[in-house]
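Just below is one structure, and these are the notes that go with it.
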Amino acid sequence: MKESQLRLLMFLQDLLSLKKEMQDFQVVEQYEQMGFALDKKERIEESIREVTEQLDPVLYHRFLRIAEKYDRPMAPVKNGVCYGCFVSAPTGSKLVTEHQDVIEFCNHCGRILYRID
Amino acid sequence: MELKELFNNTNVNLNLKATDKDAVLLELINLLKLDEKAKDMLFKMLKKRENLGSTGIGKGFAIPHCRSLVVDKLNVAFGRHCEGLDFKSIDGKPANFFFLIVAPPIEISNYYLPVLGKVAQFCKIQDIGAKLKEIKEIPEFLKLLEDIPN
Ligand SMILES: [Zn+2]
């Protein structure tokens, strides 16, 4: 079964935030003081590549464009509110991927929307 | 945020049944109230984190942790595996005690690293492993968290 494009995007964003965290010298130092081994940081890049290869190119391109503007290109929707910009009724703009997934974007801020219920 | 405020009857399992690392992660994730898709995504993310270096910090303790979009607040769980199993820990010894910590990418309160630090500190308390092995019921575990010095 093909992985949902939205879930891949969410995974990608989590990986990117992990990568960012691992580039923060102070955070890494904190981790090491707590006793965690961080010996294979280069593996994050591999994982990011694996995920991006499975993404629809048009969608991925759009993700990158949004990422230029915001730290987090994705935002949760709760009770009809985009938690990226806090404007209500955010849905409207949609993109259908080559995998037939429908990805929704916030009409106000343009972030990719997902729901956690 | 104190550790005792984070744990309760529903996110502690003193009898993990898993026989390998992946199964432990899944059992811990099951203690969180998430839907199946979220659980699956969280599992993948925790695995990716383990791939960077084991979160088995030795002396029988492991603290699998990550940030993930699938949660909207800090989530924790504790599991005990009486026999212990291989978690690729730093000291090469089996792990018996597992703290799972998952936080959203951004939290207003920023509990993630402080909580992680408190858990790591808890794991370093002298003889804490022996005490954790002896407890029989969840309230005893909660009491142990309450007793730790800040
Ligand atoms: Zn928005």
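The values are calculated or read from the model by the stated rules, or taken from the named source; none is laboratory data. Since we're looking at a predicted model, the values are computed, not measured. Ideal geometry is used to build each Cβ from the backbone, glycine not excepted, and the neighbour counts take in all protein chains shown. Areas reflect the complete protein model, heavy atoms only, side chains present, ligands, DNA and RNA absent. Shrake-Rupley method; radii C 1.70, N 1.55, O 1.52, S 1.80 Å.
Pairs of Cα atoms under 8 Å, at least six residues apart: use those to get the relative contact order of chain B, whole percent. Walk me through the intermediate numbers first.
Details: 242 pairs, mean separation 41.6, N = 150.
Normalised by residue count, the contact order of chain B is 28 percent.
When the helices in chain B are scored as -39500 (n - 2.57) per DSSP H run of 4 or longer and the sum is shared across all residues, what 222 nm value do you end up with, to the nearest 500 deg cm²/dmol?
Working: 6 runs with 58 residues, N = 150.
So the calculated ellipticity at 222 nm is -11000 deg cm²/dmol.
What residues of the range B:1-50 lose no less than 50 Å² of accessible area with every protein chain in place versus their chain by itself (probe 1.4 Å, heavy atoms only)?
B:Met41, B:Lys44, B:Met45, B:Lys48, B:Arg49
What shape does the range B:49-89 have by the C-alpha gyration tensor, where a ≥ b ≥ c are the square roots of the eigenvalues, rounded means a/c under 1.5, and otherwise prolate means a/b greater than b/c and oblate the rest?
Since a/c reaches 1.5 but b/c is at least a/b, the shape of the range B:49-89 is classed as oblate.
About the Cα centre of the range A:1-68, how large is the charge dipole given +1 on each Lys and Arg Cβ and -1 on each Asp and Glu Cβ? Please answer in debye to the nearest 20. Could the numbers behind the result be given before it?
On the way: 10 positive and 14 negative charges, 60 e Å.
The dipole of the range A:1-68 has a size of about 300 debye.
Compute the long axis of helix A:5-22 from its Cα atoms, compare it with the longest principal axis of the Cα atoms of chain A, and write down the angle in degrees, 0 to 90, nearest 10.
30
Could you give the length gained on full extension between B:Lys33 and B:Asp127, defined as 0.36 nm per residue of separation minus the Cα-Cα distance, in nm? Write out the running numbers ahead of the final one.
Numbers: separation 94, 0.36 × 94 = 33.84 nm, distance 3.16 nm.
Separation in residues times 0.36 nm, less the Cα-Cα distance, equals 30.7 nm.
Quick check: Cα centre of the range B:69-138 to Cα centre of the range A:1-46, how many Å?
The range B:69-138 and the range A:1-46 have Cα centres separated by 19 Å.
Over the residues of chain A, compute the C-alpha Rg and express it relative to 2.2 N^0.38 Å.
Working: Rg = 16.0 Å, N = 117, 2.2 N^0.38 = 13.4 Å.
My calculation over the Cα atoms of chain A gives 1.19.
Give the carbon-plus-sulfur fraction of the accessible surface of the range B:1-128 in %, rounded to a whole number; probe 1.4 Å, heavy atoms of protein chains only.
Answer for the range B:1-128: carbon and sulfur cover 51 percent of the accessible area.
What are the trypsin sites (Lys or Arg not before Pro) within the range B:1-51 that DSSP puts in a loop, where the Cβ has at most 16 other Cβ atoms within 10 Å? Before the final figure, lay out each step's value.
On the way: sites: B:Lys4, B:Lys17, B:Lys21, B:Lys33, B:Lys37, B:Lys39, B:Lys44, B:Lys47, B:Lys48, B:Arg49; in loops: B:Lys17, B:Lys33.
Answer by residue number: B:Lys17, B:Lys33.
When the accessible area of chain A is split by element with a 1.4 Å probe, what percent falls to carbon and sulfur?
48
Starting from the alpha-carbon convex hull of the protein assembly as shown, give the projected area averaged over all orientations, in nm².
Numbers: hull surface 58.1 nm².
Quarter of the Cα hull surface area: 14.5 nm².
Can you pull out the buried accessible area for chains B and A, both sides counted, probe 1.4 Å, rounded to the nearest 100 Å²? Please list the in-between numbers first.
Values: alone 8280 and 7970 Å², together 13540 Å².
That pair of chains buries around 2700 Å² in total.
Report, in degrees rounded to the nearest 10, the 0 to 90 angle that the Cα long axis of helix A:43-53 makes with the longest principal axis of chain A.
Helix A:43-53 sits roughly 20 degrees off the main axis of chain A.
Let's test this: bin the Cα-Cα distances of the range B:10-84 at 10 Å from zero up to the farthest pair and state each bin's percent.
Final binned percentages: 18, 57, 24, 1.
Would you mind getting the accessible area per residue of the protein assembly as shown, heavy atoms of the protein chains only, 1.4 Å probe, in Å²?
Working: 13540 Å² over 267 residues.
Result: 51 Å² of accessible area for each residue.
Using a 7 Å offset from the Cα along the Cα-to-Cβ direction at both A:Gln33 and A:Gln100, what is the distance between the two label points in nm, to one decimal?
That separation, rounded to one decimal, is 5.4 nm.
If the reach is capped at under 18 angstrom between alpha carbons, list the lysines near B:Lys48, excluding any in the same chain fewer than eight residues apart.
Reachable lysines: A:Lys19, A:Lys20, A:Lys40, A:Lys41, B:Lys21, B:Lys37, B:Lys39, B:Lys88.
Identify unpaired cysteines across the protein assembly as shown, taking unpaired to mean no other cysteine Cβ lies under 4.7 Å from the residue's Cβ.
B:Cys66, B:Cys82, B:Cys123
How many partner chain Cβ atoms sit within 10 Å of a residue's Cβ in peptide A:11-17, on average, as a whole number?
5
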